[in-house]
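The values are calculated or read from the model by the stated rules, or taken from the named source; none is laboratory data. This one's a predicted model, so the numbers in the text were calculated from it and none came from an experiment. All Cβ positions, even for glycine, are placed from backbone atoms using ideal geometry, and neighbour counts span all protein chains on display.
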């Protein structure tokens, strides 16, 4: 009987180890894809003025995307293996994109130069984090409502400023403008969904060895 329990524990531990790597790597890949798509949106907005640079694209956009995705993947792993005392802090993972602000400060002495990239590097993570908290179902209802309003604010704001940012070609009554708007809004929605992970209900670790099937279904 004891040997059987030890064997079950060993199998559960190996499963958790495999899931750790899977969650983190898959999260990093998803983060890379998301950041690459965000760079494409920026290119659409900038138009002919868009340029691809090693530092600007790979260091300040793609790398933070990988880091953010990997950390949120880690959050999902921790969530499904019993949680940890500190794991809710992973909700701030998207702030990795704000590393561009440090680079701009060192290079230009200002965090607001660079065609608005600096401001976007702070605003986009905040929108995602607010949306993630709003849809998580945790916390006071009034706080979730405020976060929901914040997360949805880019919808009317972009509708008002799209032509100012990218010219008449981004007007919402044109096919290209409507596509770019949906591009932007859907990417923020995907980020919000990922940012909800650190706020979601923890699944008990014992669910993995079959001893807590109720928790394995997420009711814990």
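Here are a few things to note about the model shown:
- The stretch 177-197, residues that are more than 24 Å from residue 96 (Cα to Cα) and in contact (Cβ under 8 Å) with a residue 40 or more places away in the chain: 180
- Matching residues, the stretch 147-158, being in a helix (DSSP H, G or I) and surrounded by fewer than 17 Cβ atoms within 10 Å (Cβ to Cβ): 148, 149, 150, 155, 156, 157
- Looking only at residues in the stretch 131-146 that are touching a helix residue (DSSP H, G or I) at 6+ places or on another chain (Cβ under 9 Å), surrounded by fewer than 22 Cβ atoms within 10 Å (Cβ to Cβ) and part of a helix (DSSP H, G or I), the one that is modelled with the lowest pLDDT is 136.
- Residue check for residue 172: farther than 22 Å from residue 98 by Cα and surrounded by 14 or more Cβ atoms within 10 Å (Cβ to Cβ): yes
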